[in-house]
Amino acid sequence: MVDAAAILGFDPFAPAFRADPYAQYRQLGTLGRTPAGLWVTTSHRLCERVLRDPRFGHRPETGGIWGEEPRRRSFLLLDPPDHTRLRRLVSKAFTPRLVERLRPRVEELVDELLDGLTGRADVIASLAYPLPVRLISELLGVPPEDRDRFKGWSDALARGLDPEFLLPDADVARRHEARVEFTTYFRALAARRREEPEDDLLSALVAVSDGGDVLSEPELLATCVLLLVAGHETTVNLIGNGALALLRHPDQLAWFREHPEAAPAAVEELLRYDPPVQLSTRSALEDVELDGTKIALGEPILLLTGAANRDPEVFDEPERLDLTRYTRDAPRHLAFGSGIHFCLGAPLARLEGEIALRRLFEREVALDETPPAYRDNLVLRGLAELRVTRA
């Protein structure tokens, strides 16, 4: 049995951690080494520095203690120059201006989904999951009849983002099966778009792919996997975690309802307070010194960005949910990362979160007596279900 606590510095399987990881993070130092030798930092300053420092990256591919599985990787896990080339190709679809054009469609989808929210309901199943999966499917050009396939694939791939030593053999097998099935599906869909292009992102990527040395088919398929998982899993958690935080803080919920124009700022605070992505890893590409501590070539460092978002050296009263925090000048949170790997889908996730939460709480909803249930994931923090009652 692997001693996860010895590797990470905390026990990710403990019920108390699942309910409130931030209490565990507070017991860790700013920068230290776990009993198994993994470097870990909870510092906002150090997390941001590592994320922006070109001396840290995703090479070497064997992540040391972290043990990243060798596989065809998306640009999320690549370093320049490959990362630069692939991100530039995909980023054209996710500029703030282009995303803002999706606002009417997001509002239409949210209203359609909320029309079915009556009596006792699960916010995750009724709103948080179907909204982003339908939107990213439409962007990619996935036929409506195929969208239901995505849930199993996405769940397995999201779980597979966790380090190998935390995953049961069955989860590792499901991740592999999901990746094979997903790439097989998109290879066939890409072939159809090659013959009959449509006005969607997949057709645009296929056109680039056919250019030869710009975007290869393996890169195309890895990018589609990334867009599915990153394009909706994080948004599911943003909506679910944000709704729960508001329901648990009636004063903040009342302010949210009274100030609908401030929804974008409120979403920023919800992202800081309980972010969908809790951590990231990097490896030293050369010997690096951090605050007088040497990180040797090849050594991985665990960046607890969820802890960094509550760093008392950066945020006033970091444990307090304050929806007015980002209506004034406030330090930048790391919910979407930083540097060259800053989340490409951040504008879309913000838009979906803003509209979904604002429209949800235009209705009278309250927490059901059923305790919220969290998923087993470590990297992605989110709810399996969030039961509410609607008056």
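The values are calculated or read from the model by the stated rules, or taken from the named source; none is laboratory data. Not measured: the values here are computed from a predicted model. Note: ideal-geometry Cβ built from the backbone for every residue, glycine included; neighbour counts use all protein chains shown.
Based on this model, can you work out whether LEU127 counts as farther than 27 Å from LEU98 by Cα, under 20 Å from the mean Cα position of the chain (by Cα), of a type in the set (A, V, I, L, M, F, W, C) and crowded, with 20+ Cβ neighbours inside 10 Å?
Judged against the criteria, LEU127 is not a match.
Checking ALA266 against (1) in contact with a Cys (Cβ under 9 Å, 6 or more places away or on another chain); (2) modelled with pLDDT of 85 or more; (3) not charged (D, E, K, R), which test does it fail?
(1)
Looking at the stretch 116-150 only, could you name the residues that are modelled with pLDDT of 85 or more and β-branched (Val, Ile, Thr)?
The answer is VAL123, ILE124, VAL133, ILE136, VAL142.
Given ASP274, ASP287, ASP291, ASP311, which one is out of contact with any His (no Cβ under 9 Å at 6 or more places or on another chain), closer than 16 Å to LEU28 by Cβ and of a type in the set (Asp, Glu)?
ASP291
Any residue in the stretch 35-57 that's under 16 Å from PRO331 (Cα atoms): show its pairings with residues that are outside any helix (DSSP H, G or I) and among the small types (Gly, Ala, Ser) at Cβ separation under 6 Å, as long as the two are six or more apart or on different chains.
GLU48/SER338
Pick out the one residue from LEU135, LEU113, LEU127, LEU139 that is among the hydrophobic types (A, V, I, L, M, F, W, C), farther than 30 Å from ALA4 by Cα, assigned to a helix (DSSP H, G or I) and free of Cβ contacts under 8 Å to residues at least 24 places away in the same chain.
LEU113
Taking only the stretch 14-51 into account, find how many residues are closer than 20 Å to ARG310 by Cβ and in a helix (DSSP H, G or I).
Matching residues across the stretch 14-51 total 17.
Could you give me the residue pairs with C-beta distances under 8 Å whose first residue belongs to the stretch 345-374 and is within 13 Å of LEU244 (Cα to Cα), whose second residue is assigned to a loop (DSSP other than H, G, I, E, B) wherever it lies, and which are 6+ apart or on separate chains?
Listed by first residue and then by second, the contacts come to LEU360/LEU117; VAL365/LEU117; VAL365/ALA391; ALA366/ALA391; LEU367/ARG248; PRO372/LEU386; TYR374/ARG381; TYR374/GLY382.
Check whether at least one residue in the stretch 180-201 is surrounded by fewer than 20 Cβ atoms within 10 Å (Cβ to Cβ), under 19 Å from the mean Cα position of the chain (by Cα) and touching a residue at least 40 places away in the same chain (Cβ under 8 Å), and report yes or no.
Scanning the stretch 180-201, I find no residue that is surrounded by fewer than 20 Cβ atoms within 10 Å (Cβ to Cβ), under 19 Å from the mean Cα position of the chain (by Cα) and touching a residue at least 40 places away in the same chain (Cβ under 8 Å), so the answer is no.
Here's a check for you: in the stretch 143-166, which residue that is touching a helix residue (DSSP H, G or I) at 6+ places or on another chain (Cβ under 7 Å) and part of a loop (DSSP other than H, G, I, E, B) is farthest from ALA178 (Cα to Cα)?
Only one residue tops the list, namely ARG147.
Can you tell me which residue among LEU205, LEU238, LEU226 is under 24 Å from ASP311 (Cβ atoms) and crowded, with 19+ Cβ neighbours inside 10 Å?
LEU238
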